[in-house]
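Where a number appears in this text, it was derived from the coordinates with a stated rule and is not lab data. Owing to the predicted nature of the structure, the values given are computational and were not obtained by experimental measurement. Neighbour counts run over all protein chains shown; Cβ positions are idealised from the backbone, glycine included.
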Amino acid sequence: MKTTNSEELDVQWYGVKVLYKHLIVGKPNPEKIDENYEEHQIFEESILLIKAPSFDQAYEIAEKKAKECEDSYTNIYDQTVKFQFIESLDAFLLCEEDELPNGTEVYSRFLHVPKKESLANVLSRYYPEVTEDETDLIRKNFILRNRDFN
C-alpha cells in the first residue's frame, strides 16, 4: 500500500478488542418503570477491524475510532445513557493481504479452565448472553444500537 508521500508502507489487518461502558445517568421516570427495568452495569466488548503497519498503531487507530463512537441519548425511562470508550483490551493479527478472504478469522482467544469444568459452566461464566434463562427479559433500558426501538 502506498502512502500519500509515495513511501512504501507494509500494512496488515488487525482485530482490536475494545471495551465500552453504557453508563446510565439520572433517576428513571417512575411512571415508565416496568418489569424490564434493571440497574445493572453494562459493558460491551467490540472487535474493530483495523488496517495498520503495527500492533501499536492498530491500537492507536482503534482507540481513536472507539472514541468517535461515544454517544449519549435518552432511554425509554427518561434517563441519559452515555456510551463511553473505556480501553483497548487486545489485538489480533488477521492477515497481511489487501483484501480479507472469505472465512478470515477476525478474533481468537484461549480460555484456560480447570480440566473438570463442565461445558455448561464455561458457557455461563464466559458467555452468559448465550445461556438460556426463562427469567431473562429484554433489557430495554440498555438497547443502544437501534434508536428506532427506543
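Of note:
- Translational diffusion coefficient (Stokes-Einstein; Kirkwood radius from C-alpha pairs) of segment 35-106 at 10 °C, 1.306 mPa s, in µm²/s: 107 µm²/s
- Normalised by residue count, segment 11-138 yields a Cα convex hull volume of 155 Å³ per residue.
- Cross-link partners of Lys17 among lysines (Cα-Cα below 21 Å; sequence separation of 8 or more within a chain): Lys51, Lys64, Lys65, Lys67, Lys82
- Computed from the C-beta positions of Asn121 and Leu49, the FRET efficiency with R₀ = 35 Å rounds to 0.65.
- Label point distance in nm, Asn102-Gln84, each placed 7 Å from Cα along Cα→Cβ: 4.4 nm
- Neighbour counting of Cβ atoms within 10 Å sorts the residues Tyr107, Tyr73, fewest neighbours leading, into Tyr73, Tyr107.
- If you take all other residues with their beta carbon under 12 Å from the beta carbon of Ser108, and give Lys and Arg +1 and Asp and Glu -1, the sum is 0.
- Once the chain from Lys67 to Gln41 is taken as fully extended at 0.36 nm per residue, the excess over their C-alpha distance is 7.4 nm.
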